[in-house]
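> The structure's right below; bear with me while I get my questions together.
The values are calculated or read from the model by the stated rules, or taken from the named source; none is laboratory data. All of these numbers come straight from a predicted model, not from anything done at the bench. Reconstructed Cβ throughout: ideal geometry from the backbone, glycine too, with neighbour counts over all protein chains shown. Only protein heavy atoms, including side chains, enter the accessible area calculation; ligands, DNA and RNA are left aside. Shrake-Rupley method; radii C 1.70, N 1.55, O 1.52, S 1.80 Å.
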Amino acid sequence: MQGVSSTFFAAGLLGLCLPLAAAAQDATPATKVSAQIFVNASQLDRDGVVSDDEGLALDLKRTFITVDHRFNENWSAQVTTDFQWSRNSGPSDLWLRHAYLQRSFGKGNWLRFGNAPLPWIQQESVREGYRYVDGALITRAKMGNAADYGVHGQYTYGDLTYAASVVTGGGYQKPRLGRRADVEARVGWVPLKGVELAVGGYRGTRAQDAGDRPREHTAQRWNAMASWVGERARVGAQYFRAEDWSRVVKPGSDDQRGWSGWASYQLSPQYAVFTRHEETRMSLDIDPRTRERYSMVGVEWKPNKHLRLAAVGKQVRAETAKSRLESHEAGLWAQIAF
């Protein structure tokens, strides 16, 4: 099972790193346990037809249980489990989303060893702010991993933040080793309060060349994002360009493109409105008619610090050389945190 293999993988890494933290321990340890649950009840129809498999149903999109342990002011560790149960399917594996040891070097500066968040997806979710409703552009397009096994670092100097990860490329759900390490990097600049301009990229084989599989291409992705987060509003946009993301071990080159724009406004401490639109083209060379347009609008209610509840409507229009499909989804999405 994928979840079992990731457990042993993470245990081995932490087994190598934890003695370093134990040796450095000079303060009273502190442990914190927290949880986040993403759940929705919605109705999905395709091309105006609601079938028995796509009608009103419940999805347990994510269940995160996190254990943070601080050895002292410099050393800490985190383990986060990840579980989901989608409509009309059996339970998924229990994954280790995070399992890493961290050495801090002051505010905003650290090194992480193990299975930790990658630079781009983590920040796109933070800036957009509604991860519990849907993942942002790179997540939805499956153009990157949220976390991976390797070495991760961040350095902050003035208005600039540099982050980079050297990882296996297999991701936290399917940990495996390719013939070389992959690299993801991000640079963020904050010229004004709340404003961030960021660029980044990814290069590697995504562990697709594991074993004796021949490498045909190297996957590459370039990103740019501009966003503003104020006291009551959020506005942002991002763009990606990629080459051979799904062609590492396949002949024939192919490029991908995509962009996304989002906005939200806090009407009051309890109520907010939000919207997002994105477009992706995932096969510019082999099937250039492949295109997807995604739109979402919602109203959020936050009665307390533990619950976020949103009424949301979504539309997805997908087109290839052989077919066109339009789907609509409406319902309630919730984040429960404690």
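> Name every residue in the stretch 121-179 that is open to solvent by 40 Å² or more (accessible area, probe 1.4 Å), free of Cβ contacts under 8 Å to residues at least 40 places away in the same chain and in contact with an Asp or Glu (Cβ under 8 Å, 6 or more places away or on another chain), in order of residue number.
Thr139, Val166, Arg179
> Something else about it: Take the stretch 278-306 and flag every residue that is β-branched (Val, Ile, Thr) and touching a residue at least 40 places away in the same chain (Cβ under 8 Å).
So the first thing to find is which residues in the stretch 278-306 are β-branched (Val, Ile, Thr), and the list is 280, 286, 290, 297, 299.
Thr280 - this is the single residue of the stretch 278-306 that is β-branched (Val, Ile, Thr) and touching a residue at least 40 places away in the same chain (Cβ under 8 Å).
> So, in the stretch 205-240, of the ones that are open to solvent by 80 Å² or more (accessible area, probe 1.4 Å) and under 22 Å from the mean Cα position of the chain (by Cα), which residue ends up farthest from Val126 (Cα to Cα)? Quick ask: steps written out before the conclusion?
Step one: filter the stretch 205-240 for residues open to solvent by 80 Å² or more (accessible area, probe 1.4 Å), giving 212-213, 215-216, 222, 228, 231-232, 239.
With the extra rule that they be under 22 Å from the mean Cα position of the chain (by Cα), the set shrinks to 222, 228, 239.
Working: Trp222: 19, Trp228: 11, Tyr239: 16 Å.
Looking at residues that are open to solvent by 80 Å² or more (accessible area, probe 1.4 Å) and under 22 Å from the mean Cα position of the chain (by Cα), I get Trp222.
> Which residues, taken from the stretch 61-103, are surrounded by fewer than 16 Cβ atoms within 10 Å (Cβ to Cβ), modelled with pLDDT under 95 and in a strand (DSSP E or B)?
If the condition is that a residue be surrounded by fewer than 16 Cβ atoms within 10 Å (Cβ to Cβ), modelled with pLDDT under 95 and in a strand (DSSP E or B), then Trp85 is the only one that fits.
> Under 7 Å between Cβ atoms, which residue pairs at least 6 apart in sequence (or on different chains) link something in the stretch 58-77 that is farther than 15 Å from Lys32 by Cα with a partner that is at pLDDT 95 or above and of a type in the set (Lys, Arg)?
Partner pairs satisfying both residue conditions: Asn74/Arg103.
> Now a separate question. Give the number of residues within the stretch 98-150 that are among the hydroxyl-bearing types (Ser, Thr, Tyr) and within 18 Å of Arg206 (Cβ to Cβ). Steps first, answer last, please.
Looking only at the stretch 98-150, we keep the residues that are among the hydroxyl-bearing types (Ser, Thr, Tyr), and these are 100, 104, 125, 130, 132, 139, 149.
After this cut, where a residue has to be within 18 Å of Arg206 (Cβ to Cβ) as well, the list is 139, 149.
Going through the stretch 98-150 one residue at a time, the tally reaches 2.
> Could you please give the count of residues in the stretch 241-269 that are surrounded by 20 or more Cβ atoms within 10 Å (Cβ to Cβ) and among the aromatic types (Phe, Trp, Tyr)? It would help to see each step written out before you state the result.
So in the stretch 241-269, the residues surrounded by 20 or more Cβ atoms within 10 Å (Cβ to Cβ) come out as 242, 244-245, 247-248, 254, 256, 258, 260, 262, 264.
Then keep just the ones that are among the aromatic types (Phe, Trp, Tyr); that gives 245, 262.
Residues meeting the conditions: 2.
> For the subset of the stretch 136-193 comprising residues that are in a strand (DSSP E or B) and at positive phi, which member is nearest to the chain's Cα centre (by Cα)? Please lay out each step first, then the result.
First, the residues of the stretch 136-193 that are in a strand (DSSP E or B): 147-157, 160-169, 177-189.
Applying the additional criterion that residues be at positive phi yields 150, 169.
Working: Gly150: 17, Gly169: 14 Å.
Applying the filter and picking the extreme gives Gly169.
> Of the residues Ala330, Ala272, Ala310, which is open to solvent by 40 Å² or more (accessible area, probe 1.4 Å), small (Gly, Ala, Ser), assigned to a strand (DSSP E or B) and more than 30 Å from His217 (Cβ to Cβ)? Working first, answer last.
Details: Ala272 fails: open to solvent by 40 Å² or more (accessible area, probe 1.4 Å); Ala310 fails: open to solvent by 40 Å² or more (accessible area, probe 1.4 Å).
After ruling out the rest, the residue left standing is Ala330.
> Here is a follow-up. Across the stretch 180-199, what is the total count of residues that are charged (D, E, K, R) and free of Cβ contacts under 8 Å to residues at least 40 places away in the same chain?
Pass one, the stretch 180-199, residues charged (D, E, K, R): 180, 182, 184, 186, 193, 196.
Then drop every residue that is not free of Cβ contacts under 8 Å to residues at least 40 places away in the same chain, which leaves 180, 182, 193.
Here the count works out to 3.
> Of all residues in the stretch 104-120, count the ones that are free of Cβ contacts under 8 Å to residues at least 24 places away in the same chain and either open to solvent by less than 40 Å² (accessible area, probe 1.4 Å) or of a type in the set (A, V, I, L, M) (or both).
So the answer is 0.
> On the basis of being in contact with a Leu (Cβ under 7 Å, 6 or more places away or on another chain), touching a residue at least 40 places away in the same chain (Cβ under 8 Å) and closer than 19 Å to Ile121 by Cα, does Tyr202 make the cut?
On the way: in contact with a Leu (Cβ under 7 Å, 6 or more places away or on another chain): no; touching a residue at least 40 places away in the same chain (Cβ under 8 Å): yes; closer than 19 Å to Ile121 by Cα: yes.
The answer is no for Tyr202.
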